[in-house]
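Below: the structure, in structure tokens.
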Amino acid sequence: MLRIKSIPAALAVGVLAIFTSINTASAEMASVQTLASPCAGCHGVNGVSVGPATPSIAGLTEAYFLDSMATYKSGKRKGTIMSRIAKGYTDEETKAMAKLFASMKFGRTTQMSDAGLAAKGKELHAEFCDSCHEQDGRKADGIGVLGGQIAAYLDYTIADFYSGVRTMEKRKAQKMNAFKAEHGADGIKAVVQFYASQK
Amino acid sequence: MTKVNQNVSRRSFMQLSGGAAAASALIGLPTIARGAGKDVVIVGGGPAGATAARYLRMIDPSVKVTLIEANATYHTCFMSNEVIGDLRTMESISTTYDGLKSAGVNVVQDMVTSIDTKAKKVMTKGGNTYSYERCIVAPGIDFKYELTDGYDAKTAETITHAWKAGPQTATLAKQVKAMDDGGVVCIVAPPNPFRCPPGPYERASLIANYMKKHKPKSKVIIFDSKDKFSKQGLFTQAWKKFYGFGTDNAMIEWMPAAKLGKINAIHAKDMVVETDFEQLKAAVINFIPAQKAGKIAFAAGLTDKSGWCPVKKLTFESSMVPNVHVLGDASIATKMPKSGYSANSQGKWVAQAVVALLNGKQPGVPSFVNTCYSRAADDWAFSVAAVYKLNMEKNLIGGVKGAGGLSPMDASAEDRKREVAYGHSWYNNIKKDIWG
């Protein structure tokens, strides 16, 4: 199982079968399938959440997945429950799951959204957010997916960045603070609606 | 349509998996040929049985899966306390078996009356017989009615246990709603082990939550068969905050076994609960009896002296008879609690293990998760979580050390509110994961 690390994601399914047909009985680590399948209980079938609050995790980049798990584990990132769950997995197991979820497609659940606010949010996104959260927040190299992510989760995350529960890099903090100073709570609401409206 | 769905779900599982079982079904034609005619019969369509059925089909479509369940509609026990607390509808906790059918599961509405574990056959009330290579028994719980005078299955229709969600859930909700202000609801909480350890205390909380809005002079009194209970610190904290717990105006009172002695009788006509040291007249009685494995587990010889089903923890195969796997509440899955999430997590693993065994392979290494949310007020919930690994030497499924545990006592009000929303997310997602 440990050997999966060096195998390109696209080949993983085929190659793994060969390893497992040789020997699984002595393996000390559960298959990535076994490790990852319980995540669906909260994060949805195939990592696509139907909400109302738990985020989708399929299609997150490996780097972002690993950073989230590592910071939950260390306590740097505060969560309600993930800090307790993340500690249940070794680095090796976490890496395997990161690779797996990164190979899957980010799925978007249809959410209620306000078209007027979403339109305003689209403009604000272009002005303040797009330089990091490219392609309407859908592209996410090493950062979270915003476009189509569960709205309540985005609300929580933004609130945590502003309250200091989650820390921001200097450049990001400047942008976020400038955005809030200029557009306040209504502006935040609008960009969240824009992300939630994406199909 | 059915075909398309199957293909999509199968492919998605491949993405999720990359594991042995899934892969062997995908690439090796010989494996599929060998797998053909492999019959798995599943007894019970609750979280454990339904999850196992869906995942068996996703992992290896050459496995023929028959699931036998007595009811056409299933009501989840999880979230049923929200129905009793007037926070959601019965409809919202119901599910059909259409999702399983479109996953290629042969769903039979019938009741299993016996299992011939030597001939490997399952017999039903409807007079049918089903042969299996492997049988998965997930019958949930039954009640030890015999321990209490004046209480039986018939009485339970009016003095409910509501510990299997369904008509009794609706009855209890109605009784609480119909009660005059100033009335007492008595919840009798069962001894360990039982389904959903925090459940009676969440129920008390959500009934009090309802009373606070509509019948402020009323109260809930818990008669407990134990001296401590699950998430006690968190519940007590919430009860003090919202329901005056410990004061003269408490809307929730908790009486431990030390003060009550044994709970001896229910006097249905007088609406009285009688214990060694107390007698309580209540407007509504919710009596949750001591529990044991579902009936079929006894008929099939799967239980031990404890009244539950011992299993080999690697595959959940019965320690009593071969080729029969017992999962969910009926099994002794120490130290996993009897919960919906445990059942779901076990169902996924056992599906993988059974596919491996049917294809002559070793089952590999398991990993489980349990998360359980309890809601104590409109904007107040907390959770317990654990990641479980198997200790083969001790035949024990233990929580990973340093991980898991309870929501902190000093969590912010915002976090408690978020846990309400995360609890609902858990419900929506796991329900879809189980029944499609």
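The values are calculated or read from the model by the stated rules, or taken from the named source; none is laboratory data. In this text, all values refer to a predicted model and were calculated from it rather than measured experimentally. Every residue, glycine among them, receives a Cβ derived from its backbone with ideal geometry; neighbour counts consider all protein chains shown. Calculation scope for accessible area: heavy atoms of the full protein, side chains included, ligands and nucleic acids excluded. Shrake-Rupley method; radii C 1.70, N 1.55, O 1.52, S 1.80 Å.
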So how strong a dipole does the protein assembly as shown carry about its Cα centre when Lys and Arg Cβ are +1 and Asp and Glu Cβ are -1, to the nearest 20 debye? 1040
Using the structure shown, select from A:Lys87/B:Lys394; A:Lys120/A:Lys180; B:Lys177/B:Lys269; B:Lys312/B:Lys335; A:Lys139/A:Lys189; B:Lys295/B:Lys335 the pairs with a Cα to Cα distance greater than 18 angstrom. A:Lys87/B:Lys394; B:Lys177/B:Lys269; A:Lys139/A:Lys189; B:Lys295/B:Lys335
Note the full-extension length gain between B:Asp227 and B:Lys269 as 0.36 nm times their separation in residues minus their Cα-Cα distance, in nm to one decimal. 12.2 nm
Occluded residues from the range B:368-383, i.e. those whose accessible area drops by 40 Å² or more once the chain is not alone (1.4 Å probe): B:Val369
Leaving out ligands, DNA and RNA, and with a 1.4 Å probe, what % of the accessible surface on chain B is carbon or sulfur? 53
For B:Lys292, the aspartates and glutamates lying under 14 Å Cα to Cα, once residues fewer than eight places off in the same chain are dropped, come out as B:Asp142, B:Glu146, B:Asp304, B:Asp329
Within 10 Å of each Cβ of A:83-95, how many other protein chain Cβ atoms are there on average? 4
At a 1.4 Å probe, what is the % contribution of carbon and sulfur to the accessible area of the range A:111-199? 54
Using a loss threshold of 40 Å², tell me which positions in the range B:350-365 are less accessible in the complex than in their chain alone. Probe radius 1.4 Å, ligands and nucleic acids ignored. B:Gln352, B:Gln362, B:Val365
Using a 7 Å offset from the Cα along the Cα-to-Cβ direction at both B:Glu133 and A:Lys76, what is the distance between the two label points in nm, to one decimal? 4.9
So, with +1 on the Cβ of K and R and -1 on the Cβ of D and E, and no other charges, what is the size of the charge dipole of chain B about its Cα centre, to the nearest 20 debye? 1120
Given B:Ile187, B:Gly150, B:Ser102, which one lies farthest toward the positive end of the charge dipole of chain B, if we put +1 on the Cβ of every Lys and Arg and -1 on the Cβ of every Asp and Glu? B:Ser102
By how many degrees, 0 to 90 and rounded to 10, does the Cα axis of helix A:62-74 deviate from the longest principal axis of chain A? 90
Please give the helix A:9-22 orientation as an angle from the longest Cα principal axis of chain A, in degrees from 0 to 90, rounded to the nearest 10. 30
For peptide B:384-390, compute the average count of partner chain beta-carbon atoms within 10 Å of each residue's beta-carbon. 4
Cα-based Kirkwood hydrodynamic radius, the range B:387-428, one decimal, Å: 12.7
Extension gain from B:Thr113 to B:Met90, taking 0.36 nm per residue of separation minus the Cα-Cα distance: 5.4 nm
So what's the angle, to the nearest 10 degrees on a 0 to 90 scale, between helix B:232-243 and the longest Cα principal axis of chain B? 50
GNM result for chain B, Cα springs below 10 Å: residue of B:Asp304, B:Asp410, B:Asp142 fluctuating most strongly: B:Asp410
Of all DSSP beta bridges in the range B:145-290, antiparallel share, percent nearest 5: 30
Run through every distinct alpha carbon pair of the protein assembly as shown and return the Kirkwood hydrodynamic radius in angstroms, one decimal place. 25.7
Would you look at the GNM of chain A, springs on alpha carbons closer than 10 Å, and say which of A:Val48, A:Val165, A:Val145 moves the most? A:Val165
Please compute the Kirkwood hydrodynamic radius over chain B, one decimal place, Å, based on all pairs of different Cα atoms. 22.5
Provide the per residue accessible area, probe 1.4 Å, for the protein assembly as shown, rounded to a whole number of square angstrom. 41
How many Cβ atoms of partner chains, on average, are near each residue of B:333-346 if near means within 10 Å of its Cβ? 1
Checking the cross-link filter: which aspartates and glutamates have an alpha carbon closer than 20 Å to that of A:Lys172, excluding same-chain neighbours under 8 positions apart? A:Asp67, A:Glu123, A:Glu127, A:Asp130, A:Glu134, A:Asp136, A:Asp141, A:Asp155, A:Asp160, A:Glu182, A:Asp186
Straight-line reach from B:Lys212: which aspartates and glutamates have Cα under 17 Å away, leaving out those fewer than 8 places along the same chain? B:Glu82, B:Asp86, B:Asp180, B:Asp181, B:Glu202, B:Asp248, B:Glu253, B:Asp378, B:Asp379
Pick from B:Pro216, B:Pro47, B:Pro139: which is most flexible by mean-square fluctuation in a GNM of chain B where alpha carbon atoms under 10 Å apart are linked? B:Pro216
If you take the accessible area of A alone, add that of B alone, and subtract the area of the pair, what total do you get in Å², probe 1.4 Å, to the nearest 100? 4200
Please sort B:325-336, B:114-125, A:91-102 by packing, taking for each peptide the average over its residues of neighbouring beta carbons within 10 angstrom, highest first. B:325-336, A:91-102, B:114-125
Under the Karplus relation with 6.51, -1.76 and 1.60 and θ = phi - 60°, whole-Hz ³J(HN,Hα) for the range B:148-162, x at Gly and Pro, equal 10, 5, x, 10, 8, 4, 5, 4, 5, 6, 10, 9, 6, 9, 6
Can you pick out the pairs among B:Lys121/B:Lys361; B:Lys226/B:Lys348; B:Lys215/B:Lys431; A:Lys99/B:Lys164 whose Cα atoms lie more than 29 Å from each other? B:Lys226/B:Lys348; B:Lys215/B:Lys431; A:Lys99/B:Lys164
Give the peptides A:173-180, B:90-97 in descending order of average Cβ contacts within 10 Å, highest first. B:90-97, A:173-180
Percent RCO, i.e. relative contact order, over chain B, from Cα pairs under 8 Å lying at least 6 residues apart: 18
